[in-house]
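Quick notes on the structure that follows.
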Amino acid sequence: MGDFSPNANLILVGFMGVGKSSLGRQIAENWSRPFLDTDKIIQEKTSCTIPEIFAKHGEAFFRRLEQKCVDEWLPKKGAVISTGGGILTSPGMTEKLQQLGVVFVLRASPQTIYERTKNCGSRPLLHTGEDAIAHIKKMLAEREPAYAKAGIQIRTDFRPICELASTVSRIFCRETAINGA
Ligand code: S3P
């Protein structure tokens, strides 16, 4: 089990474009807690952008950086943490994140994900061509088993950030009160 004290980390996982960063930033601001993003930490530590890391070293190298980030660079408590959409593809990662805090899995439809990501060129694993939605559906299906068991499921389609922030905060408080010391 994770820490689950009221000071536990709140961890957001889910596919690209589901709204992890926007929601995480909002919750962190509401609670005056630090907001951290694994992609951002990796970029700072390596002084490279995510597309540069993928282009120069490949996906497997990036996944090792994500593992290092979770093992060594993330705080043990007190933060709101957003993670890269493929972080759960590394073996053992789900359990590690569950140890590190209360995990929420954000969900959105392929269409919503497409709309939210189509103008952003910084995601090396997303296609921008005409079969973009089919590609998203395929990746979602591959990752579905990992997302399904990682944590508390939250749909984000058509829900304003402030409403999502209060829903997630309420669940977090309930979880930490039930499981806390
Ligand atoms: C990835 C998601 C990205 C980033 C990298 C790989 C993925 O993060 O980690 O491009 O495999 O789904 P976001 O989910 O924040 O876009």
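Data overview
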quantity: Average accessible area per residue (Å²) across segment 62-181 - probe 1.4 Å, nucleic acids and ligands excluded; calculated: 51 Å²
quantity: Span from the segment 61-129 Cα centroid across to the segment 134-181 one, whole angstrom; calculated: 12 Å
quantity: Estimated [θ] at 222 nm from DSSP helical runs (n ≥ 4, -39500 (n - 2.57)) normalised by residues in the chain, nearest 500; calculated: -16000 deg cm²/dmol
quantity: Ranked packing of 74-84, 146-156, 161-171, most packed first, by mean Cβ within 10 Å; calculated: 74-84, 146-156, 161-171
quantity: Filter on Lys118/Lys138; Lys68/Lys118; Lys20/Lys149; Lys77/Lys138 - keep pairs with C-alpha separation over 23 Å; calculated: Lys68/Lys118; Lys77/Lys138
quantity: Where Cys120, Cys69, Cys173 fall by accessible area, highest first, once all protein chains stay in place (1.4 Å); calculated: Cys173, Cys120, Cys69
quantity: The chain - percent of accessible surface contributed by carbon and sulfur, probe 1.4 Å; calculated: 54 percent
quantity: Accessible-area ranking of Arg63, Arg107, Arg116, largest first, probe 1.4 Å; calculated: Arg116, Arg107, Arg63
quantity: Overall Cα dimensions of the chain, principal axis frame, Å, largest first; calculated: 49, 35, 29
quantity: Peptides ranked, highest mean first, by Cβ atoms within 10 Å: ranges 92-104, 4-16, 41-53; calculated: 4-16, 92-104, 41-53
quantity: Largest to smallest accessible area among Lys68, Lys138 [probe 1.4 Å]; calculated: Lys138, Lys68
quantity: Cα-centred dipole magnitude for the chain, charges only on beta-carbon of K, R (+1) and D, E (-1), debye, nearest 20; calculated: 180 debye
quantity: Beta bridges per DSSP with both ends in the chain, % antiparallel, nearest 5; calculated: 0 percent
quantity: Solvent-accessible surface (1.4 angstrom probe) belonging to Phe172, in square angstrom, nearest 10; calculated: 0 Å²
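The values are calculated or read from the model by the stated rules, or taken from the named source; none is laboratory data. Owing to the predicted nature of the structure, the values given are computational and were not obtained by experimental measurement. Ideal geometry is used to build each Cβ from the backbone, glycine not excepted, and the neighbour counts take in all protein chains shown. Quick note on the areas: whole protein, heavy atoms, side chains included, nothing else; ligands and nucleic acids left out. Shrake-Rupley method; radii C 1.70, N 1.55, O 1.52, S 1.80 Å.
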